[in-house]
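Structure first, commentary second.
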Amino acid sequence: MRTTRRFHISAVAQTQSLTKEDVVKEDDPSNNVSDAIFSKLGINLHHRPNHPLCILKEAIYEYFEGREPGKFQKFDKEPPVVTVKANFDEVLVPANHISRSYNDTYYVNKETVLRCHTSAHQAQKLREGHSHFLLTGDVYRRDAIDATHYPVFHQMEGVKVFSNDEWVDAGLSSVNYIEKDLKECLEGLARHLFGDVQMRWCDCYFPFTDPSFELEIFFNGKWLEVLGCGVMERQILRNTGRPDDRAWAFGLGLERLAMVLFDIPDIRLFWTDDKRFTEQFSAGELRQKFKPFSKYPPCYKDIAFWVNDHFTENNFCELVRGEAGDLVEEVQLIDEFTNKKTGRTSNCFRITYRSMERSLTNEEIDAIQEKVREQTASKLKVELR
Ligand code: DAH
């Protein structure tokens, strides 16, 4: 979530069996999903009992179960291929919102995207009649590359619906009543996960809630954003056939919290099969700290070119990811200048290559870097320097 805050029919197929061929028709020009991204569909890290993301998911379930036994329904198998309508329209994301751009979101075709948030399922679940639910899934965003950003990550969405008599009996307005319940509930969740920590609420903006808040906790010497939430826009409830109800909703990123809770330094570790990582975690244990194993050495390569008007860092990162896969650790803009005479702008990016599993050879990195250079010139139509 490095760029400004981004906000997210039926599913096309079951997650387990999705392949690129199932979802992309021929070479649809509106498809910007690379094979590297397609290969992540159906992996479902959040289903593996001893994986930190699943341990965290279960710990959140446990909290809600303790607070309101038997109330919250859990969903974690909704396929990530959703309609533009579900991802954006139904949660009231404005037509011109940046998150809808091809630069930020993976489009399978004009009407279909890889969900960029689990909020994509809010309307569907409300329409199906669910009033209390927690929905977990993999979400996809085009973004920069570094230790805390990966194009696929996991979110959990929570929704609780209230009916008229609840706030009337309490003698409060619907918004006050729901806001109070929401804040108490989420403060309890933060304590359940992080212990007795200092917290603060910040006002913010989401298209799907009003008022909207962020919860931050003071942990390891820093204020950390834990989740976004708010009182659901009434329009969403009206559109799903529930005009008299009110609701709250929240969304949280599992990697973000798991990295802090378990001391995991690099977001790519979640994807590794290296036993030195996977064997450090076991179901039900939230309090274990990751013990780093020695890292293999990095290899740095710079690439410089004259950009054009269409150039974006996300497109470049996507291209690098396409050639290097998980061997790319970071892409960093290290130099940028404009030639006063020609008006042309030059960018220099430093690419850090490193494997989580082995030492890389010079030859293989040179070969990847050469491909990156070729593709950058031919696909992004920039002039290499
Ligand atoms: N969808 C938001 C995001 O991805 C997170 C979020 C914020 C979800 C507020 C919510 C909410 O349901 O009420 O950044």
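The values are calculated or read from the model by the stated rules, or taken from the named source; none is laboratory data. In this text, all values refer to a predicted model and were calculated from it rather than measured experimentally. Neighbour counts are summed over all protein chains in view; Cβ atoms, including those assigned to glycine, are modelled from backbone coordinates with ideal geometry. Just the protein is used for accessible areas: all its heavy atoms, side chains included, with ligands, DNA and RNA removed. Shrake-Rupley method; radii C 1.70, N 1.55, O 1.52, S 1.80 Å.
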If TRP306 meets every condition in (1) modelled with pLDDT of 95 or more; (2) of a type outside the set (A, V, I, L, M); (3) out of contact with any Leu (no Cβ under 9 Å at 6 or more places or on another chain); (4) surrounded by 15 or more Cβ atoms within 10 Å (Cβ to Cβ) apart from one, which number is that one?
(3)
Subset tally (residues that are under 27 Å from GLU90 (Cα atoms) and either near the ligand (Cβ under 8 Å from one of its atoms) or under 20 Å from the mean Cα position of the chain (by Cα) (or both)) for region 208-234
13
Criterion: under 22 Å from PRO52 (Cα atoms) and either open to solvent by 40 Å² or more (accessible area, probe 1.4 Å) or away from the ligand (no atom under 12 Å from the Cβ) (or both) - qualifying residue of ASP165, ASP146:
ASP146
Which of the residues belonging to region 80-139 are among the polar types (S, T, N, Q) and more than 14 Å from the ligand (Cβ to nearest atom)?
THR83, ASN96, SER101, ASN103, ASN109, THR112, SER131
List, please: which pairs have Cβ atoms under 9 Å, are six or more places apart or on different chains, and start with a residue in region 155-171 that is under 17 Å from ARG67 (Cα atoms) and end with one that is open to solvent by 60 Å² or more (accessible area, probe 1.4 Å) and within 16 Å of the ligand (Cβ to nearest atom)?
none
Among ALA377, ALA324, ALA283, ALA304, which is small (Gly, Ala, Ser) and touching a Ser or Thr at 6+ places or on another chain (Cβ under 7 Å)?
ALA304
Considering region 243-262, residues that are out of contact with any strand residue (DSSP E or B) (no Cβ under 6 Å at 6 or more places or on another chain) and within 16 Å of the ligand (Cβ to nearest atom), and then whichever is least open to solvent (accessible area, probe 1.4 Å), we arrive at LEU257
Take ILE334 and tell me if it is surrounded by fewer than 15 Cβ atoms within 10 Å (Cβ to Cβ) and among the aliphatic types (A, V, I, L, M).
yes
Residues in region 344-367 that are over 19 Å from ALA147 (Cα atoms) and either within 27 Å of the chain's Cα centre (by Cα) or open to solvent by 70 Å² or more (accessible area, probe 1.4 Å) (or both) total 4
